[in-house]
């Protein structure tokens, strides 16, 4: 059972939920105000310890460490270099777990790795070589700590089960930390995730996590808030079980997460040779929460998230009992969203069952030691068969793989026909084990967004991905691809002890923290390019709508695809050619036309006939304008853009293509909105987007001053090519002083140069 409370709650002594504050005196012997109880959450105390001012409503945070992988670190370091960085001011872990397939794109991925190693030497960083560990496994094992805060340029930066408040953000926020600035954010609300009971055998962490996602994503219950895990059920979950639940909190659109720590947490740090990293963290005797998600773990069933979102959840038994109807609904909804090839999932129902062709257990969510051992217990002595079904296992780190080899679990899996892969995040974003056209893949990974499995609908390629727990994936493998819940088979789970061998990291990881070597030359491959210069914002702004998306939510994958495009992450101009390519293939060509118009304007070459017509319409309508001194650019509209990945390229590619703004009804995540701001794109909010459409122009007079004054709303004008002008209101939401200065400067790099 997952229950959402309709109002705020108080938590007394970490276990008793109170909905009426009048009941508190009889329980705790004193009157407790809401203001005092708000300070009783675990999140509040950690935020307070990292806030650089006394203002707890408007946070200015500095972190204990940071982390990035090889899709993001080049751009971050390049931005920080351009902004004046001379050495890393805090431990910065550079992992190589995303762009690890170095045959994709030729030598350029490995060039990025060599750049990072040289940067670790030059600036004093920590370099984790290719395939040693995925980003989050390494940080759990070596960098997490109770009460610490970690900032990562990957959206699944979540180490809350280890008492660490971790945040996934776009690269601009990490660059700010590298030049000594702060992470500025209004203090988030906190929602209690109250766990009670214990999971049934065969019910794994993904079953719990997907149940939570299904309950809270669509209604925004925890959006931009901290999920605080409390309650008596925590003690019934092993620490790796907690880690695997925790990393999936990203899919709820929460800001971060934190858990009560206990003896299991302490044991984790002791096993990993860092007993000093442990301390008890728990709420105060009375803590106030903005809401509560109540979960009886004993009632959670084996669960599947059908295409194309982790919140599209059903129990496996529910799916089996209503297979024809659910598969038809999933297929119909997917094909409304996808442009190009069509998904065929109804055909997977035959011979009295649902059949899949592929299983994946991988990464920070699936590739944990406990999950893989459970899969081995299920598959020991069995066979995946020699049919269409395949199973691949990606351990999270080399220490985990070493222990799986030592205790025989790796041999059990290989003997059953599974393939043991390297430590690689590819199955999470479409760069590993891409299925064949028309196939159905079940994965214990973090996401099943469109094209996350590597398909290209525009080129006639379409596959489908569902998320499931490792245990049910192994049960399905044991049945040759027949979809099976792990609770439907008899298994004796062995739960072997984990022994961490830190010497594997000591032999290969370069740790240059506090030992920068300024004379080291950075190694630049031919694909590593500087960010192109961006203009400052003019007094007025004219933008053309080059994409108009009416889907309820637009993911960052749709704004900039993952997969093979990752090879060009270090080349802004080349990467920008892929912007919106799978969602709106004409976006780039439309944007290039208007980008050239701005370049011509700056070069004094005059305006196009179309732009002159727009200005003439504005003048005719009595609206003052100054064409010679007004930025001309592109923009997109989407109802709610930015769900999913933290990658800044979802915004920076638009900027490189000449964009000056986004228009939206709301922004799916704080991190995407921050990415827009850090790249000089105004994050406009609009209540009635019907006033403009694809191909229209939007003129925003006095935009620079409106942003500097943080006006609550100000006028804009939609201009059609036929000369029709319609006035409407826009706003930007609340902007910090620094955010306002970044937007008008044109981007974060310009802002730091100006300062």
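What to note about this one:
- Filter result for residue 199 (surrounded by fewer than 24 Cβ atoms within 10 Å (Cβ to Cβ), in contact with a helix residue (DSSP H, G or I) (Cβ under 7 Å, 6 or more places away or on another chain) and either over 23 Å from residue 312 (Cβ atoms) or at pLDDT 95 or above (or both)): yes
- Only one of the numbered conditions (1) assigned to a helix (DSSP H, G or I); (2) closer than 20 Å to residue 549 by Cα is not met by residue 634, and that is (1).
Per-residue answers, yes or no, for (1) at pLDDT 95 or above; (2) surrounded by fewer than 16 Cβ atoms within 10 Å (Cβ to Cβ); (3) part of a loop (DSSP other than H, G, I, E, B):
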residue	(1), (2), (3)
498	yes, no, yes
514	yes, yes, yes
521	yes, yes, yes
527	no, no, yes
537	yes, no, yes
543	yes, no, no
547	yes, no, no
551	no, yes, yes
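- Extreme residue, nearest to the chain's Cα centre (by Cα), among residues of segment 702-716 that are over 14 Å from residue 661 (Cβ atoms) and touching a residue at least 24 places away in the same chain (Cβ under 8 Å): 710
- Identity of the residue in segment 556-587, surrounded by fewer than 19 Cβ atoms within 10 Å (Cβ to Cβ) and part of a helix (DSSP H, G or I), that ends up modelled with the lowest pLDDT: 564
- Residue 436 vs. criteria outside any strand (DSSP E or B) and in contact with a helix residue (DSSP H, G or I) (Cβ under 7 Å, 6 or more places away or on another chain): no
- Some residue of segment 70-79 being out of contact with any helix residue (DSSP H, G or I) (no Cβ under 7 Å at 6 or more places or on another chain), at pLDDT below 95, buried (at least 16 other Cβ atoms within 10 Å of the Cβ) and within 22 Å of residue 647 (Cα to Cα): yes
- 3 or more residues buried (at least 24 other Cβ atoms within 10 Å of the Cβ) and outside the structural domain of residue 419 (by TED's automatic domain parsing): qualifying helices (runs of 4 or more DSSP H) within segment 289-383: none
- Scanning segment 605-614 for residues that are surrounded by fewer than 20 Cβ atoms within 10 Å (Cβ to Cβ) and either more than 24 Å from residue 540 (Cβ to Cβ) or modelled with pLDDT of 90 or more (or both) yields 605, 607, 608, 609, 610, 612, 613.
- Residue match in segment 51-60 (condition: without any contact (Cβ under 8 Å) to a residue 24 or more places away in the chain and touching a strand residue (DSSP E or B) at 6+ places or on another chain (Cβ under 7 Å)): yes
- The set of residues in segment 14-50 being in contact (Cβ under 8 Å) with a residue 40 or more places away in the chain and over 33 Å from the mean Cα position of the chain (by Cα) consists of 24, 28, 32.
- Residue tally, condition touching a strand residue (DSSP E or B) at 6+ places or on another chain (Cβ under 9 Å), part of a loop (DSSP other than H, G, I, E, B) and at pLDDT 90 or above, over segment 452-479: 3
- Some residue of segment 715-734 being assigned by TED's automatic domain parsing to the domain that holds residue 587, surrounded by fewer than 20 Cβ atoms within 10 Å (Cβ to Cβ), out of contact with any helix residue (DSSP H, G or I) (no Cβ under 9 Å at 6 or more places or on another chain) and modelled with pLDDT under 95: yes
- Hey, residue 646 part of a loop (DSSP other than H, G, I, E, B), crowded, with 24+ Cβ neighbours inside 10 Å, modelled with pLDDT under 95 and in the same structural domain as residue 749 (by TED's automatic domain parsing) or not: yes
- Some residue of segment 202-216 being in a loop (DSSP other than H, G, I, E, B) and farther than 30 Å from residue 331 by Cα: no
The values are calculated or read from the model by the stated rules, or taken from the named source; none is laboratory data. If you're wondering where the values come from, they're calculated on a predicted model, not measured in any experiment. Neighbour counts run over all protein chains shown; Cβ positions are idealised from the backbone, glycine included.
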